[in-house]
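Nothing in this text is a laboratory measurement; each read-out follows from the coordinates by a stated rule. Fair warning: this is a prediction, and the values are worked out from it, not measured in the lab. As a convention, Cβ positions derive from the backbone with ideal geometry for all residues, glycine included, and neighbour counts pool all protein chains shown.
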């Protein structure tokens with residue numbers, strides 16, 4: 001449809017973009033020179049109505065025609081057809097040559113709804129006359145407008161195109177709805193024997209009110225129908241089951257999702273919308289479920305309190321379902337003073353999925369535990385293997401004191417493995433508490449054990465161990481594991497750089513330093529390598545579980561190390577720059593609280 005939106009376009013608020021400054025808002029009466037010949041025009045035109053004598057046959061004729069129009073358009077709820085019928089009747093009654101009706105659309109644009117003996121292009125192009133300004137004036141003033149001869153009417157001289165313009169008579173009235181203009185009726189004649197007069201304006205206003213009322217009724221009907229269709233489509237397509245029942249249990253509404261939940265077809269259910277003898281909700285349920293549902297519904301009806309059950313076990317007789325149920329009372333019930341609204345969702349698959357997820361998480365946890373156990377056992381076995389090899393060398397060289405040390409170290413590691421395995425297979429027990437131990441001694445013992453390991457043989461260790469370092473309260477086994485992890489990582493880093501470094505004199509180096517802060521009573525251990533460093537994007541991830549950049553690694557070492565240090569109320573930090581190496585820093589308190597339970601072993 002064409003939309004009047006060019007010069008002089010009017011919106012629903014009554015804003016005229018160009019025309020209102022050129023046309024007076026209040027319609028004026030016909031100029032004096034026209035008044036002098038009105039009687040002649042009326043006699044020649046055989047006026048539609050005698051305004052001085054309301055009981056004339058002409059007046060009765062118009063009342064009858066208006067009644068006919070009211071009946072015709074009252075039976076039509078389709079707006080376009082109704083307006084077409086109305087315009088045909090008005091053109092016939094007023095003997096108009098041309099005319100059109102406009103209405104505002106949903107976007108507040110004035111739209112031509114129907115025409116008689118003219119085209120939309122003719123109105124929009126306005127080659128002879130600017131119709132937009134007339135409708136703008138009528139809409140803004142909400143009052144009708146008449147001109148018996150537009151060509152000689154000074155009010156409209158600026159609207160006429162150049163050239164000879166024939167005698168032209170027009171009527172335009174607003175369509176008023178609740179005091180606001182929502183459209184116009186426009187009529188015009190070019191024939192001198194069909195000139196509009198003042199009485200026509202009053203009559204057309206009456207016709208306009210009849211049409212406005214019918215239009216508003218049709219629009220209201222369309223709104224109600226659209227809303228009902230929308231509600232039904234939403235209910236039908238909703239993935240959640242919806243059931244609305246009357247206080248007596250009769251089903252008022254039930255959607256497709258609810259039917260599927262209760263294993264029903266639409267032919268199995270009669271609703272209040274369909275019949276005055278609807279199906280009772282309890283009757284559609286399996287026999288075993290009827291008592292429970294009856295209690296739930298009666299409780300809501302009696303107490304007025306909402307009911308909610310996220311996991312209601314519903315037995316269909318051959319299948320067990322898990323339902324999420326919400327029931328509440330509504331006072332907006334069209335069939336009674338109140339009713340119940342039930343939202344029912346089949347969450348069976350969701351519950352099964354949750355169980356599978358939990359099961360999978362348990363499997364993953366077991367896998368992680370197995371990997372951590374293997375990792376820790378590997379640490380023990382590394383120390384054992386190294387000391388057995390040293391034991392063999394000591395025996396060959398007849399250095400029995402060293403051989404005894406190596407044998408005792410192996411035996412100590414075996415006992416640690418035994419204790420460790422007991423903590424896994426037995427009911428969790430409290431691990432022996434922290435003991436006061438020298439961190440410097442722990443470092444020296446560790447380096448002695450690693451001295452014969454292949455990837456440590458080519459590394460130059462620099463030790464800067466503080467002389468004033470006091471004993472600290474630690475779990476020796478756990479801190480030994482941390483130290484071993486950090487040294488292995490440093491050794492792998494310097495080996496990696498050695499493979500790619502172009503410096504001929506590159507020397508694998510690891511620096512180990514300890515220090516003590518007496519004021520804070522904290523001990524610091526720093527292990528620095530001259531490897532390739534850690535990429536900036538990986539710095540925030542290296543302590544994450546399973547994060548690793550190396551093949552055949554599990555990403556457990558640094559994760560476990562940080563966990564152990566945090567259990568000791570300490571901190572494990574990293575400082576690294578690409579190409580400049582990495583420093584891992586451990587800060588531990590000198591004393592542990594006496595009132596905390598002893599930690600379980602970290603797996």
Packing-based order for 341-348, 498-505, 134-141, using average beta carbon neighbours within 10 Å, highest first: 134-141, 341-348, 498-505
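I'd like to compare 460-473, 256-269: which one has the highest average count of other Cβ atoms within 10 Å, and what's the full order after that?
Values: 460-473: 13.8, 256-269: 15.7.
Output ranking for 460-473, 256-269: 256-269, 460-473.
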Between the range 244-270 and the range 503-566, the Cα center-to-center distance that results, in Å: 66
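Calculate, in nm to one decimal, what residue 280 and residue 395 gain on full extension: separation in residues at 0.36 nm each, minus their alpha carbon distance. Write out the running numbers ahead of the final one.
Details: separation 115, 0.36 × 115 = 41.40 nm, distance 9.44 nm.
Gain on extension, residue 280 to residue 395, equals 32.0 nm.
Can you tell me how the range 238-346 classifies by the Cα gyration tensor, rounded, prolate or oblate, using a/c under 1.5 as the rounded cut? Show your work: numbers first, answer last.
Numbers: a/c = 1.56, a/b = 1.16, b/c = 1.34.
Oblate, since a/c reaches 1.5 and b/c is not below a/b.
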Förster radius 22 Å - calculated FRET efficiency between residue 381 and residue 550 (Cβ-Cβ, nearest 0.05): 0.65
Quick one: if you stick a label point 7 Å off each Cα along the C-beta vector at residue 505 and residue 198, how many nm between them? 11.9
Mind listing the Cα extents of the range 429-511 along all three principal axes, in Å, largest one first? 51, 33, 18
Residues 401, 575 in order from fewest to most other beta-carbon atoms within 10 Å are 401, 575
Calculate the FRET efficiency for residue 81 and residue 152 from the Cβ-Cβ distance with a Förster distance of 45 Å, rounded to the nearest 0.05. 0.70
Once you put a point 7 Å from the Cα of residue 117 and another 7 Å from the Cα of residue 219, both along the Cβ direction, what distance in nm separates them? 2.9
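To the nearest 0.05, how large is the calculated FRET efficiency for residue 495 and residue 306 if R₀ is 41 Å and r is the Cβ-Cβ distance?
On the way: r = 67 Å, r/R0 = 1.64.
Efficiency computed from Cβ-Cβ geometry: 0.05.
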At residue 574 and residue 70, where each label point lies 7 Å from the Cα along Cα→Cβ, what is the point-to-point distance in nanometres? 8.9
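Among 458, 585, 102, which comes first, then next, by fewest other beta-carbon atoms within 10 Å? Working shown, then result.
Numbers: 458 12, 585 16, 102 27.
Final ranking by Cβ density, sparse to dense: 458, 585, 102.
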